[in-house]
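Reading through the structure tokens given below for one structure.
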Amino acid sequence: MPPYAYLKNQFVPLEEAKIGVMTHAFLYGTGCFEGIRGNWNADERQIYLFRAREHYERLHQSSRLLKIKLKHSVQDLCNITTELIERGDFQQDIYVRPIAYKSSEIAGNLRLHELEDDLLVFVIPFGNYLDPNKGIHCQVSSWRRLDDNVLPSRAKITGGYVNSVLAKTEAIESGFDEAIMLTDDGHVSEGSGENVFLVQGGKLITPAVSDNILVGITRSSVMELAKNELGVETVERSIDRTELYLADECFLTGTAAHLTPVTRVDHRPVGSGQVGPITKKLQGLYFDVVRGKVKKYQGWCLPAYAKVKAKA
Ligand code: PMP
């Protein structure tokens with residue numbers, strides 16, 4: 001089945017979903033977006049959207065920051081998403097990309113006010129983004145994380161992702177798997193598309209929300225799982241660069257990255273240089289939860305299909 005997109009208030013085949021070259025968001029990066037994973041559960045023949053409501057609540061928050069009038073409620077947005085999945089008939093892991101953006105086709109207008117807004121949503125098949133099994137090698141980037149007073153990371157603004165792609169490109173071209181960016185004052189902020197966690201003395205440590213991070217939905221989910229299921233508390237505070245080098249364990253969290261262990265930073269082994277025990281336990285738990293296999297957390301998983309898919 002050809003995939004569909006939702007654009008200008010209607011469902012259209014993805015290949016026909018086009019925007020004009022003078023679109024404000026294209027010229028100036030004035031859109032905000034989300035990334036939502038749909039995780040295929042082969043036993044149940046169902047796709048579970050992980051924390052779709054929270055992602056759409058964050059899209060509303062980002063839109064407020066960019067003065068985008070997002071007319072669709074969280075429920076409308078969830079309904080559009082499940083309809084797109086129905087129409088695409090996906091039977092694998094997927095990624096949902098909603099973008100609320102300044103849609104006026106107008107050049108030379110450096111402003112947010114008095115412009116039109118629109119919503120685009122599309123869905124693509126999506127496997128692993130980083131290798132979740134082996135433990136990746138991160139580079140402390142030479143690119144600093146955007147400051148809240150420059151371009152707020154707290155909102156998922158399309159233009160802000162140039163910062164992430166500069167860092168990720170430098171990391172990959174230098175032979176690493178991912179970048180970790182520091183704030184302007186030298187504290188650990190986040191990965192190009194992930195939050196950072198350290199394990200130290202049996203506790204989790206993660207940068208505070210005021211260290212220019214996107215406040216990740218996976219981040220808060222993992223903090224909750226760690227506390228409820230493992231009795232492991234998380235401390236949110238500023239982290240020095242050298243704490244990365246001396247931690248017992250390290251991992252990244254994010255919609256695309258899931259929970260990915262980091263076993264080396266800047267050519268130095270983290271802890272034993274192997275995936276650590278707390279990281280391993282949390283990752284196992286997390287993967288069961290996102291596929292809708294843990295009853296207690298099924299409220300985090302929105303089934304995409306009203307009727308279970310028949311066997312192909
Ligand atoms: N930081 C950045 C810069 C991101 O792009 C993402 C991915 N959305 C995250 C952190 C993780 O956020 P979440 O867990 O909500 O996907």
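The values are calculated or read from the model by the stated rules, or taken from the named source; none is laboratory data. Everything quoted here is computed from the prediction, not taken from an experiment. Backbone-built Cβ (ideal geometry, glycine too); neighbour counts: all protein chains shown. Just the protein is used for accessible areas: all its heavy atoms, side chains included, with ligands, DNA and RNA removed. Shrake-Rupley method; radii C 1.70, N 1.55, O 1.52, S 1.80 Å.
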Within the range 126-147, can one find any residue that is more than 16 Å from the ligand (Cβ to nearest atom), closer than 28 Å to A5 by Cα and open to solvent by less than 50 Å² (accessible area, probe 1.4 Å)?
yes
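Could you check the range 267-291 and list, in sequence order, the residues that are closer than 18 Å to M181 by Cα and open to solvent by less than 30 Å² (accessible area, probe 1.4 Å)?
First pass over the range 267-291, keeping only residues closer than 18 Å to M181 by Cα: 267-268, 270.
Answer for the range 267-291, where residues must be closer than 18 Å to M181 by Cα and open to solvent by less than 30 Å² (accessible area, probe 1.4 Å): just V270.
If the requirement is being at pLDDT 95 or above, outside the structural domain of L77 (by TED's automatic domain parsing) and under 20 Å from L84 (Cα atoms), which of these qualifies: A312, A304?
Numbers: A312 fails: at pLDDT 95 or above.
Step by step, each of A312, A304 is checked, and only A304 is at pLDDT 95 or above, outside the structural domain of L77 (by TED's automatic domain parsing) and under 20 Å from L84 (Cα atoms).
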May I ask you to list pairs of residues, at least six apart or on different chains, whose Cβ atoms are under 8 Å apart, with the first in the range 277-304 being of a type in the set (D, E) and the second being open to solvent by less than 40 Å² (accessible area, probe 1.4 Å) and part of a loop (DSSP other than H, G, I, E, B)?
D288/V294
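Inside the range 1-19, can you point out the residues that are surrounded by fewer than 11 Cβ atoms within 10 Å (Cβ to Cβ) and at pLDDT 95 or above? Full working, then the answer.
From the range 1-19, those surrounded by fewer than 11 Cβ atoms within 10 Å (Cβ to Cβ) are 1-2, 9-10, 15-16, 18; that's our starting set.
If the condition is that a residue be surrounded by fewer than 11 Cβ atoms within 10 Å (Cβ to Cβ) and at pLDDT 95 or above, then N9, Q10, E15, E16, K18 are the ones that fit.
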Looking only at the range 65-82, which residues are farther than 17 Å from R51 by Cα and surrounded by 14 or more Cβ atoms within 10 Å (Cβ to Cβ)?
L65, L66, K67, I68, L70, H72
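On the given criteria, is R237 open to solvent by 10 Å² or more (accessible area, probe 1.4 Å) and out of contact with any Leu (no Cβ under 8 Å at 6 or more places or on another chain)? Don't jump to the end; show me each part of the working.
Details: open to solvent by 10 Å² or more (accessible area, probe 1.4 Å): yes; out of contact with any Leu (no Cβ under 8 Å at 6 or more places or on another chain): yes.
For R237, the condition - open to solvent by 10 Å² or more (accessible area, probe 1.4 Å) and out of contact with any Leu (no Cβ under 8 Å at 6 or more places or on another chain) - is met.
Filter the range 200-232 down to the residues that are aliphatic (A, V, I, L, M), more than 8 Å from the ligand (Cβ to nearest atom) and within 21 Å of S141 (Cα to Cα) and list them by number. If you could, list the steps in order and put the result at the bottom.
We begin by selecting, within the range 200-232, every residue aliphatic (A, V, I, L, M); these are 204-205, 208-209, 213-215, 217, 222-223, 225-226, 230, 232.
When the remaining residues are screened for being more than 8 Å from the ligand (Cβ to nearest atom), the result is 204-205, 208-209, 222-223, 225-226, 230, 232.
Of everything in the range 200-232, those that are aliphatic (A, V, I, L, M), more than 8 Å from the ligand (Cβ to nearest atom) and within 21 Å of S141 (Cα to Cα) turn out to be I205, A208, V209.
Which is open to solvent by less than 30 Å² (accessible area, probe 1.4 Å), part of a loop (DSSP other than H, G, I, E, B) and in the same structural domain as I36 (by TED's automatic domain parsing), of L110, L115? So that I can check it myself, show each step before the final result.
Details: L110 fails: open to solvent by less than 30 Å² (accessible area, probe 1.4 Å).
Selected residue: L115, the only one of L110, L115 that is open to solvent by less than 30 Å² (accessible area, probe 1.4 Å), part of a loop (DSSP other than H, G, I, E, B) and in the same structural domain as I36 (by TED's automatic domain parsing).
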With the structure loaded, tell me whether H60 is crowded, with 23+ Cβ neighbours inside 10 Å, part of a helix (DSSP H, G or I) and within 15 Å of the ligand (Cβ to nearest atom) or whether it fails that test.
no
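Which one is nearest to R154 (Cα to Cα), of the residues in the range 172-214 that are part of a strand (DSSP E or B) and open to solvent by 20 Å² or more (accessible area, probe 1.4 Å)?
Filtering the range 172-214 for residues that are part of a strand (DSSP E or B) and open to solvent by 20 Å² or more (accessible area, probe 1.4 Å), the one nearest to R154 (Cα to Cα) comes out as H187.
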Identify, please: which residue in the range 156-189 is touching a Cys at 6+ places or on another chain (Cβ under 9 Å) and of a type in the set (A, V, I, L, M) and is, among those, farthest from the ligand (Cβ to nearest atom)?
A171
Name the one entry in S192, S153 that is small (G, A, S), near the ligand (Cβ under 9 Å from one of its atoms) and without any contact (Cβ under 8 Å) to a residue 60 or more places away in the chain.
S192
